Structure formats: structure tokens, C-alpha cells
Amino acid sequence: MGDGVETCPKCGKLNAFPSEGDSSSRETMDRVVADATRAARDLTAAAARLTDRLGKKMQAAADDPKGTATRAARRVAHDLDSAREEIEKALKDL
């Protein structure tokens, strides 16, 4: 096949990754690396936002201990769930 898509010699399935000699293989690899780098940056940014939010909420709980700990724990659990969703989205974008 001249378009860089080949079939597996064993099973006959289409191979979406071009062979090493194909001129588009470098472009494909560059795109994969760029996508992975972007996803890693997104994950790092999400983790930094989560850390900042958690620090602020824990400080607020320490400053006002009357029932605040339970409310803060609930907010932290919510923030962790939100961070998980952000991380899952970033991974799906890969």
C-alpha cells in the first residue's frame, strides 16, 4: 500500500503505523511525542491546581476547627474526584 499503511504479514490486519523507511514515520512519531508531552503538561498542571486547592482548604480547616474538618474532608474528596476526571480526560486525549 503506497499510503504508509501496511498489513501485518502474520494476521493481515492493517498496521496504522508506517514502516521505518516511510517518510511519514518521523512525522507520526513527532505527533505521538507532542501529544504525550501535551498530556504530561496537562497532568502536571492538574496536579498543581489540586495541590494548591487542597493546601488552602486544609489551612482553612486548621484555622476554624469547629465542624470545618468534616466539611473540608468532603470538599477534598470532591476535589480529588474532579482531579481524577481531569486526569482521565487528559489520558483520553492521548
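At-a-glance table
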{"read-out": "Local electrostatic count at V33 - Lys and Arg +1, Asp and Glu -1, tallied over other residues with Cβ under 14 Å", "value": "+1"}
{"read-out": "Student exercise, the stretch 47-94 dipole from Lys, Arg, Asp, Glu Cβ charges, in Debye to nearest 20", "value": "180 debye"}
{"read-out": "Prolate/oblate/rounded call for the stretch 24-94, Cα gyration tensor, a/c under 1.5 rounded", "value": "prolate"}
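Just so you know, all these numbers are worked out from the coordinates, no wet-lab data involved. Only a predicted model underlies this, so the values are computations on that prediction, with no experimental measurement involved. Backbone-built Cβ (ideal geometry, glycine too); neighbour counts: all protein chains shown.
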